[in-house]
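Values in this text are rule-based calculations from the coordinates and carry no lab data. The shown structure was predicted, so the numbers you read here are calculated from the model rather than taken from an experiment.
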Amino acid sequence: MIPPHMEKYCMAYQSPLRMMRLDEVLNLTGLSRATLYRKIAAGTFPPQHKLAERCCGWRAGEVDLWLRNPVTFTVADLDRDQHRDAA
């Protein structure tokens, strides 16, 4: 088990496709729930992916990309990152 204070540093060692739930995203980013959804609406935070009827999550790799550059991140950065990985 990873100590809570070390979880954010272990992000690079986890699968970028791993799905993170809301509480984990809020703890990792330090954002409030309202701010997170405001940023999603503005296109400055990765959107959530629907996992089931009443369940959604965020891909760890997308959240990690935001954490590397939270000030200037836009959803277009996700497309650029995917094209880079495909090349």
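Could you work out how much longer the chain between Arg68 and Gln14 gets when fully extended? Use 0.36 nm per residue separation minus the Cα distance between them, nm to one decimal.
Between Arg68 and Gln14, full extension yields an extra 17.9 nm.
Below 8 Å between Cα atoms, with a sequence gap of 6+, how large is the relative contact order for the stretch 27-72 in percent?
Here the relative contact order equals 27 percent.
Figure the gain on full extension for Val75 and Arg21 (residue separation times 0.36 nm, minus the Cα-Cα span) and round it to one decimal in nm.
So the chain would gain 17.5 nm between Val75 and Arg21.
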